[in-house]
Amino acid sequence: MSFKTFAVEALANYKTTGAVAPSSRYLARAMLLPLNLQPGCVVVELGAGTGVMTQALLEILPADGALFAFEINSRFYEYLKKKFPDKRLVLLKTRAENLERELQKRGCQHVDAVVSSLALGFFSDPERRALLESFVPLMDDNSVYTQYQYIQGLELKNGRFRRYNIQSLLRQYFSSVQCNTVWRNIPPAFVFACRKKGRPAIRSISAIHTSASR
């Protein structure tokens with residue numbers, strides 16, 4: 001999917017895409033660095049878009065792992081179905097707040113990683129909390145949640161934009177919230193790596209190969 005195609009969709013449905021440009025491979029790498037995916041792991045992707053994070057996740061996902069990717073944008077959803085004929089991938093065209101119900105329907109009671117590209121600034125505070133409460137109970141002390149926020153940190157409230165930092169909200173749900181800045185992205189972004197209990201510093205993954213466009 002070309003940059004032009006993505007831009008057209010972003011302009012038409014900015015509230016659901018939450019971006020003006022595809023995620024860079026540098027942002028994808030920063031989002032995946034905190035993950036420690038073991039055999040049989042269950043990973044959730046929120047807001048798969050056109051598949052930058054999806055591709056990167058599938059490249060490091062164990063052969064017996066499972067990736068549940070949520071995407072409500074119809075055009076992106078259809079594109080993902082064609083792009084990724086991978087048996088480890090389950091695409092779900094439903095709101096991310098339905099995560100717990102969708103996983104339980106498929107026999108999953110635990111998640112090892114949640115990777116979110118959702119534009120939380122466009123969510124109301126109750127919606128943000130409902131989202132977090134849909135998967136935090138499924139995490140254990142080894143699970144990791146990564147979320148990015150563009151550096152300008154805009155929030156849409158009462159029809160107006162204002163600055164918003166999600167870090168204070170994340171600290172209400174996680175005892176460890178690490179933040180890194182990715183400058184090589186349009187626009188630059190903060191990446192938050194969250195754990196229910198404090199863990200050692202982010203460990204590196206030896207090789208993550210991502211596509212250059214979302």
Theoretical gain in end-to-end length, Thr181 to Glu133 [0.36 nm per residue, Cα-Cα removed]: 14.7 nm
Evaluated at q = 0.18 Å⁻¹: base-10 log I(q)/I(0), Debye formula over Cα of region 51-181: -1.17
FRET efficiency, Asp125 to Val90 (Cβ-Cβ, R0 45 Å, nearest 0.05): 0.95
Cα centroid separation, region 123-151 to region 48-101 (Å): 17
Net charge over other residues, Cβ less than 13 angstrom from the Cβ of Leu92 (K, R count +1; D, E count -1): +1
Pairs beyond 30 Å (Cα-Cα), from Lys81/Lys105; Lys82/Lys197; Lys105/Lys196; Lys81/Lys196; Lys82/Lys105: Lys82/Lys197; Lys81/Lys196
Chain lengthening between Asp140 and Tyr173 when straightened (0.36 nm per residue, less Cα-Cα): 10.6 nm
Those residues of region 128-151 whose amide nitrogen sits under 20 Å from the label point placed on Lys197, 7 Å along Cα→Cβ: 135-146
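Bear in mind that the values in this text are calculations on the coordinates, not laboratory data. Everything quoted here is computed from the prediction, not taken from an experiment. Using ideal geometry, Cβ is built from the backbone for each residue, glycine included, and neighbour counts are taken over all protein chains shown.
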